[in-house]
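Following: one structure in structure tokens, then a few remarks.
The values are calculated or read from the model by the stated rules, or taken from the named source; none is laboratory data. Just so you know, these numbers come straight off a predicted model, no measurement behind them. Cβ atoms come from the backbone with ideal geometry, glycine included; neighbour counts cover every protein chain shown.
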Amino acid sequence: MVRNLFITFEGPDGAGKTSVLKQVVEQLQQHNIEVMATREPGGIEIAEKIREIILNPAHTTMDNHTEALLYAAARSQHYFEKVKPALEAGKTVLCDRFIDSSLVYQGIARGLGVEEVLAINEFAIGKRLPDATILFDLEPSIGLARIAANRSDEINRLDAESLAFHEQVRAGYLQIAKQNQKRIHIINADQQIESVVNDVWKILYKLLG
Ligand code: TMP
């Protein structure tokens with residue numbers, strides 16, 4: 001059995017990856033796989049505080065460069081404080097969003113450039129890419145409708161962006177996936193949660209042996 005894989009879950013807002021991740025973690029634990037689940041931006045105290053600043057809907061004047069740098073800062077702290085030690089301890093790490101979110105949201109949808117955003121992230125965490133990434137693909141209008149209908153918490157600053165922004169996010173993910181076909185596995189997130197969990201499980205089963 002393969003140990004200490006770093007696996008990330010990515011996708012447009014409202015794609016359901018957070019709920020699926022919870023179920024998948026339970027299944028992995030039932031198979032006695034030592035797993036740590038975490039999320040970005042956040043996962044540890046300092047990064048959760050940065051998250052509050054980035055996603056606060058009142059922060060409408062935040063510059064796109066500031067946004068990209070704050071995501072990278074949160075990622076650096078989270079990676080070195082939590083992810084790297086867990087991998088070194090032999091755990092499999094499942095992370096809800098990681099560097100691809102920055103490449104897509106800031107690099108493509110915000111228009112800062114993929115290379116530029118990659119460069120600040122390499123400064124933040126080095127060249128560590130996930131071993132595998134599961135991309136939850138979904139029509140943005142469906143994702144936004146799900147958020148409006150289901151979220152009990154406040155709609156964050158990025159959720160509140162236009163449909164056109166979220167369409168660029170989806171197209172951006174598909175573009176990055178095409179360039180990283182070995183690493184990124186696309187699944188259809190427009191299905192019942194049980195079917196999505198099942199699709200994710202099939203991929204993890206192969207990865208973890
Ligand atoms: P979520 O945790 O509810 O997915 O919210 C995080 C939001 O932040 C989501 O809209 C995606 C966005 N995001 C970026 O724009 N860049 C990043 O690097 C990350 C990790 C998230």
Check: Restricting attention to region 69-119, which residues are more than 12 Å from the ligand (Cβ to nearest atom) and of a type in the set (D, E, K, R)?
Finding: Glu81, Lys82, Lys84, Glu88, Lys91, Glu115, Glu116
Next item on the list: Consider only pairs whose beta carbons are under 7 Å apart and that are at least six residues apart or on different chains; among these, list those whose first residue lies in region 40-64 and is within 21 Å of Leu21 (Cβ to Cβ) and whose second residue is of a type in the set (Gly, Ala, Ser) and not in a helix (DSSP H, G or I).
Entry: Glu48/Gly42; Arg51/Gly42
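Kindly provide the set of residues from region 21-39 that are of a type in the set (S, T, N, Q) and either free of Cβ contacts under 8 Å to residues at least 24 places away in the same chain or closer than 21 Å to Leu158 by Cα (or both), ordered by number.
Gln29, Gln30, Asn32, Thr38
In contact with a helix residue (DSSP H, G or I) (Cβ under 6 Å, 6 or more places away or on another chain) and within 13 Å of the ligand (Cβ to nearest atom): is that true of Ala132 in this structure?
no
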Check: Is there any pair linking a residue in region 1-20 that is more than 16 Å from Ala189 (Cβ to Cβ) to one that is of a type in the set (Val, Ile, Thr) and more than 10 Å from the ligand (Cβ to nearest atom), with Cβ under 6 Å and at least six apart or on different chains, and which?
Finding: Leu5/Thr92; Phe6/Val93
Margin query: Let me spell it out: the conditions are (1) without any contact (Cβ under 8 Å) to a residue 40 or more places away in the chain; (2) touching an Asp or Glu at 6+ places or on another chain (Cβ under 7 Å), and Ala148 meets all of them except one. Which number is the exception?
Written below: (2)
Check: If you go through region 174-209 one residue at a time, how many are among the small types (Gly, Ala, Ser) and exposed (fewer than 15 other Cβ atoms within 10 Å of the Cβ)?
Finding: 2
Note to self: Taking the criterion of being modelled with pLDDT of 95 or more, over 24 Å from Leu204 (Cα atoms), more than 13 Å from the ligand (Cβ to nearest atom) and surrounded by fewer than 20 Cβ atoms within 10 Å (Cβ to Cβ), would at least one residue in region 47-55 satisfy it?
What the structure shows: yes
Next item on the list: Could you grab me the full set of residues in region 156-195 that are in contact with a strand residue (DSSP E or B) (Cβ under 9 Å, 6 or more places away or on another chain), farther than 18 Å from Ala145 by Cα and in a helix (DSSP H, G or I)?
Entry: Tyr173, Leu174, Ile176, Ala177, Lys178, Ser195
